1. Which of PRO31, PRO74, PRO114 moves most in a GNM of the chain, Cα contacts under 10 Å?
2. How much FRET efficiency would the formula 1/(1 + (r/R0)^6) give for VAL105 and LYS85, where r is the Cβ-Cβ distance and R0 is 22 Å, rounded to 0.05?
3. Out of these labelled values of log10 I(q)/I(0) by the Debye sum over Cα atoms at q = 0.10, 0.12, 0.13 Å⁻¹, [x] -0.32, -0.46, -0.54; [y] -0.42, -0.55, -0.61; [z] -0.26, -0.39, -0.46, which was calculated from the coordinates shown here?
4. Hey, for a label at ASP70 modelled as a point 7 Å past Cα toward Cβ, could you say which residues of the stretch 7-32 have their backbone N under 20 Å away?
5. Calculated FRET efficiency, ALA98 and LYS35, Cβ-Cβ r, R0 25 Å, to nearest 0.05?
6. Take the alpha carbon atoms of the stretch 38-53, find their center, do the same for the stretch 83-108, and report the distance between the two centers in whole angstrom.
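Values quoted throughout were computed directly from the atomic coordinates according to the rules given, and no laboratory measurement underlies them. Owing to the predicted nature of the structure, the values given are computational and were not obtained by experimental measurement. Methodologically, a virtual Cβ is constructed for each residue, glycine included, from the backbone with ideal geometry; neighbour enumeration extends over all protein chains shown.
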Amino acid sequence: MHYLLKSEPDAYSFSDLERDGETVWDGITNPLALKHLRGMKHGDKLIIYHTGDERQAVGTATVVSVDASDPKNPRVVIRAGKRLKNHRTLNSMKTHRAFEDSPLVKQGRLSVVPLTSEQYDWLTEA
């Protein structure tokens, strides 16, 4: 599976993840976003997306481990991947046919969004 994780760059940016190498992805309260976190598996591929003024996909990451024993606070450890060569903006995603039914554009406040393989490939292409 593939997911997009939204983060306010002032709170925790992709640069912070690169520096740390790994981190626990937490602070999620939306029930649907929590469901997506609990559904993650080791090896799932992630896109890190900066919210706020940036509104763009900036890097990749991978799920290292998932402990969903506490359904309200799943512990998902992620590992930094690579910085994207082409930062894809929210506006470019909204106009791309692969995202027309995506929760990314239909539920703008959702902080953990499942991605199709086509969406992930488009976001990561050089």
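1. The residue with the greatest mean-square fluctuation here is PRO31.
2. After rounding, the FRET efficiency stands at 0.45.
3. Correct label, based on the coordinates given: [z].
4. What the label zone holds, given the 20 Å backbone N cut-off, is 23-32.
5. Values: r = 22 Å, r/R0 = 0.89.
Efficiency computed from Cβ-Cβ geometry: 0.65.
6. Their Cα centres are 14 Å away from one another.
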